[in-house]
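Visitor: Quick one: the structure is below, questions incoming.
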Amino acid sequence: MVADEFSRPTAIQLAVDDVDAYGRRLWKPVKIETPESQVQELYAELPARFPKLFEGMLLSYRWAEVDLGTYRLLANPPGPTLGGLLRQMSQAPALWEALIPAGFIQFGNGPDLDYDPVCFDIKTRKQGGDCRIVKIDHEEILCNNRVKVVAELAPSFYQLVLQTIERAKQRASTD
């Protein structure tokens, strides 16, 4: 089914293989229960735990890279482990080697073609484990070997999720 401007189905109505008005394949997150042991293996490679809400997403769903307007989530692809996400996080060695020691864990990038890492700032961990969400200038790392925060996207991952939901509601009401 191809959507046109007069009969656009909602995202809820679309199946994974449907296409949008521009011919792009649409998808939705896949509910896959992942054993707790898998996230523990991922934590063995990281300096800190994820916020509980993000950890819950990892253990409950798998998804392709998704552009959410102000950031893109790295893919958490289906598989027997969370190794696909770890490969996404560490695929650029220069970024990985600069971000992790500086207290940043990448879970996304800027929107569209923006390559700047979007990270958990684990130095700002709050009670309950949440932390602020920042965007880092990737060129500063690659050219000057310096980690530079260029924006705070939200004071916590929970707040980022609420902002993302609100933007989606606003877009849906204008469509």
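Visitor: List the number of the failed condition for PRO93; all other conditions in (1) over 16 Å from the mean Cα position of the chain (by Cα); (2) of a type outside the set (Gly, Ala, Ser); (3) surrounded by 20 or more Cβ atoms within 10 Å (Cβ to Cβ) hold.
Guide: For PRO93, the failing item is (3).
Visitor: Of the residues ALA75, ALA64, only one is touching a Gly at 6+ places or on another chain (Cβ under 7 Å), of a type in the set (Gly, Ala, Ser) and surrounded by fewer than 19 Cβ atoms within 10 Å (Cβ to Cβ); which?
Guide: The unique qualifying residue is ALA75.
Visitor: Further, regarding this structure: So is LEU58 within 22 Å of PRO29 (Cβ to Cβ) and part of a helix (DSSP H, G or I) or not? Step through it out loud before you land on a result.
Guide: Numbers: within 22 Å of PRO29 (Cβ to Cβ): yes; part of a helix (DSSP H, G or I): yes.
Taking the combined requirement at face value, the residue satisfies it.
Visitor: Here are ALA172, ALA151: which of them is aliphatic (A, V, I, L, M) and at pLDDT below 95?
Guide: Of ALA172, ALA151, the one residue that is aliphatic (A, V, I, L, M) and at pLDDT below 95 is ALA172.
Visitor: Right, here's the next one. What tally of residues in the range 126-155 results from selecting those that are crowded, with 17+ Cβ neighbours inside 10 Å and either under 19 Å from LEU46 (Cα atoms) or basic (Lys, Arg) (or both)?
Guide: Count: 9.
The values are calculated or read from the model by the stated rules, or taken from the named source; none is laboratory data. The model shown is predicted, which means the values in this text are computed figures rather than measured ones. Using ideal geometry, Cβ is built from the backbone for each residue, glycine included, and neighbour counts are taken over all protein chains shown.
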